[in-house]
Amino acid sequence: MPRLFLVTSDEAVSRADFIEVATAALAAGGHGCALQLRAHGSHGSKLYEIAVRLRQVATAMRASFWVNDRIDVAAAVRADGVQLGSRSVSPAEARRLLGRTCRIGRSVHGASEVSAAIESGADVAVLGNIYRTASHPDREPLGPDAIRRAAALPIVAIGGITPKRVEEVVGAGAWGVAVSSGVWEAGDVEAAVRDYRRALVDATGGGSGNASS
């Protein structure tokens, strides 16, 4: 399981140089990093076109490639994982459609939802928002204690995660972190990814690569 998820946005994907920027991000992330294609505003054919190119780049960089919600696109490009939201199909149904080789993540918004996500078939629960974030300005942050309350289960922390906060969330029990604006809105995307990678290495004692489970 990757420790660092780079989650795209409609704004990031709409950039004319998005593929080049994403390539640079994956080159800096490499093994142990996943690019997660999230673009709710893109229609299916456009999303598929982007996914095909990113799948190739991720493979070349030994990184992982995940798709948000769109199981059809994930299956078509043989994505490494799919991230399901509260309005997506259940993890059990996604598993039936995608098989055992595709990882399944489930977005949750409270510690009490983590075990339910895992029990329903998800490999990892993406828990957030941990800190206050511009993407959800009116949503109260859960704080690292939410991770501690469910730390026996595989959790990726999301929401307001900066490199300086990586140590705190990993110390609370998170397996890894998911970031969006911290990378795509950075002046130097490669440097931003390297900062997150370095923070994860420091927080995990060097274990920044993929886990087999």
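What number comes out for accessible area per residue over the range 56-128 if the probe is 1.4 Å? Units Å², please.
46
Using 0.36 nm per residue, how much length does the chain from Ala134 to Ala76 gain when fully extended, once their Cα-Cα distance is taken away?
17.6 nm
Once phi is turned into θ = phi - 60°, what whole-Hz ³J(HN,Hα) does the Karplus curve with 6.51, -1.76 and 1.60 give for every residue of the range 3-15, x standing for Gly and Pro?
9, 10, 10, 9, 9, 6, 9, 4, 5, 5, 5, 6, 5
Computed FRET efficiency, Cβ-Cβ of Ala151 and Ser45, R0 35 Å: what is it to the nearest 0.05?
0.25
Using a 1.4 Å probe on the protein chains only, how many percent of the accessible area of the chain belongs to carbon and sulfur?
48
Each label point is 7 Å from the Cα along the Cα-to-Cβ direction; what then is the distance between the points at Arg53 and Ala16, in nm?
Here the modelled spin labels are 1.3 nm apart.
What's the extension gain from His109 to Leu97 if we count 0.36 nm per residue and subtract their Cα-Cα distance?
1.8 nm
The values are calculated or read from the model by the stated rules, or taken from the named source; none is laboratory data. It should be emphasised that the depicted structure is a prediction, and the values quoted were computed from it without experimental measurement. Cβ: placed from backbone, ideal geometry, glycine included. Neighbour counts: every protein chain shown. Note: accessible area is taken over every heavy atom of the protein model, side chains too, but ligands, DNA and RNA are not part of it. Shrake-Rupley method; radii C 1.70, N 1.55, O 1.52, S 1.80 Å.
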